[in-house]
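The values are calculated or read from the model by the stated rules, or taken from the named source; none is laboratory data. Since the model is a prediction, treat every value here as computed from it, not as a measurement. Positions of Cβ are backbone-derived with ideal geometry, glycine not excepted, and every protein chain shown enters the neighbour counts. Areas reflect the complete protein model, heavy atoms only, side chains present, ligands, DNA and RNA absent. Shrake-Rupley method; radii C 1.70, N 1.55, O 1.52, S 1.80 Å.
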Amino acid sequence: MTAETNKGPALGMRHVQALLIFLNITTVFIGRLNVGVSVVAMTNAETTNPDFPEYDWTEAEKSYILSSFFWGYILTQFLGGYLCKSFGVKNVMFWGVFGSGVCSALTPLFIGFGEWQAYCGIRVLMGLAQGVVFPCIHQHLAKWSPPAERNRLGALSHTGIECGNVSAMFLSGMIAKSSLGWPGISYVSAGIAFFWCALWFVFAANHPTESRFIGEQELQYIESSLKQNESYHVTVIPIPWKAIWTSAPFLALLIVRCAENWGLSTLQAEIPSYMNGVLDMDMKSNAFFSALPFLAMWCMSYIYLITAEVLLGRNSVSLTVLRKTYNSIAFWIPAATLVGIGFLDKDQKNFAIALMTISVGVNSAQTIGSVLNTIDLSKNHASILMGIVNTAANIVPIATPLVVGWIVEENSDRSQWQIVFIIASVFFFVGNCIYLAFGTAETQPWDAEDYLQLKNPELANEPYKETKIPKSN
């Protein structure tokens, strides 16, 4: 039975895996991003629950806390790529999220005896744990997604980014205001992580042939569509390091993801501080309006997905054209609106919130635009590519809060925030220009299993070349 005659069930275990990844991304982003609200709550108890300790941390110390997660996160990206190839995605992702949950649970205890320095320490440990996750995610999608459904399943699972952003901003603010206070933010985050681990342990499988719940029809559909031989899942494919590092499409992807992380991390980490300082908003209002842009981002991600499915299903555009178009929307509109935000103060707070909502909302197109491009370039080495990209891209969020802390000496000074937003705009604009020039969604020659075994790599088994994506049912 071939992929052409067998389309597989409309709903199957491949969709369960995508759902598990969605929940995984939501979970780790809640643990990662709740720090923006937590820091405001811990240093301004009057706007949250005054029954819990308040700390007098400087803007520089706050910036260390905000960036400390990424000090550990960048160290385990490469490791994650190797571990999931050696021990399987299921094991590596389980322990990564479990470790992150333990760090969340211990956070209030650490802060109690070590203040901001201990807070930085536990955030570094959380970063180390979460660093293995995203390389595993891309490897998992590569093994479970038929080419015709790869964009759909990948984009759906990655909407967990937006869901995690909304939950981290909104729920954290509500929890901080409640009887649980700011410690409750960490405890709830830990509980969510442990619950996900239980779901993953029961329903996840490293690849379709290992799943206990998959039907024969769906198994044949996935395996035949990926054109894999029987020994594929136990074969270790050599990594063509030179070819990867000299690949223009891969380097363009690397640059555009770094640019994206600068712009988005500016918004993710600094929106609560900007709203509290420049727009003079209390924590309850801050929590809602800090979450609003990411709620728009979440909603827009589904609009982008539906539009992409229609365009690809009708063979209106190639996957490369779709990726570059979506990425341009995601980068260039925020590049313009961020400049405008810097010229507004508390007298125009509604306009500022509207522009911020537009900036973050349209940016969700970057998931289809460039996030999934690692799988396009090489399904066999997707975890390695993601490890490289995420290592480089997440050095950026280390620098972003530190740069903001250096520029913004007075939290209520609008002119200082103008500089922050203009820098983010430049990154958005230039990064996408490079991606437009050199990016592609075509599978690269070095993805072939026999690439390094031939004297002439150009004769390697011809990879899948995209022109139009066939319609899938």
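So the values come out like this:
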read-out	value
Peptides 237-245, 359-367 ordered by average Cβ neighbours within 10 Å, highest first	359-367, 237-245
Accessible area per residue, Å², the stretch 13-234 with all protein chains present, probe 1.4 Å	36
Relative intensity, log₁₀ I(q)/I(0), of the stretch 13-234 from a Debye sum that treats every alpha carbon as a point, q = 0.07, 0.12, 0.13, 0.17 Å⁻¹	-0.25, -0.65, -0.74, -1.10
Phe213-Leu109 pseudo-label distance in nm [points 7 Å out on the Cα-to-Cβ vector]	3.3
Value of [θ]222 nm, deg cm²/dmol, for the chain, DSSP H segments ≥ 4, -39500 (n - 2.57) each, nearest 500	-22500 deg cm²/dmol
The stretch 239-461 - accessible surface per residue (Å², probe 1.4 Å)	37
16 Å cut-off, amide nitrogen to a point 7 angstrom out along Leu251 Cα→Cβ, residues in the stretch 380-402	389
Angle between the chain longest axis and helix 349-362 axis [Cα atoms, degrees, rounded to 10]	20
Along each principal axis, Cα extent of the chain, largest first, Å	66, 42, 40
Carbon + sulfur, % of accessible area of the chain - ligands and nucleic acids excluded, 1.4 Å	65
Tyr451, Tyr73, reordered so the largest accessible area comes first (probe 1.4 Å)	Tyr451, Tyr73
Using a Förster distance of 45 Å, the FRET efficiency for Ser316-Gln348 (Cβ separation, nearest 0.05)	0.65
Convex hull volume of the stretch 365-434 per residue (C-alpha atoms, cubic angstrom)	100
Reciprocal mean inverse distance between Cα atoms of the stretch 239-461 - Kirkwood radius, Å	18.6
Principal-axis tilt of helix 89-130 within the chain, Cα atoms, nearest 10 degrees	10
Calculated P(r) tail over 26 Å for the stretch 1-142, as whole % of Cα pairs	37
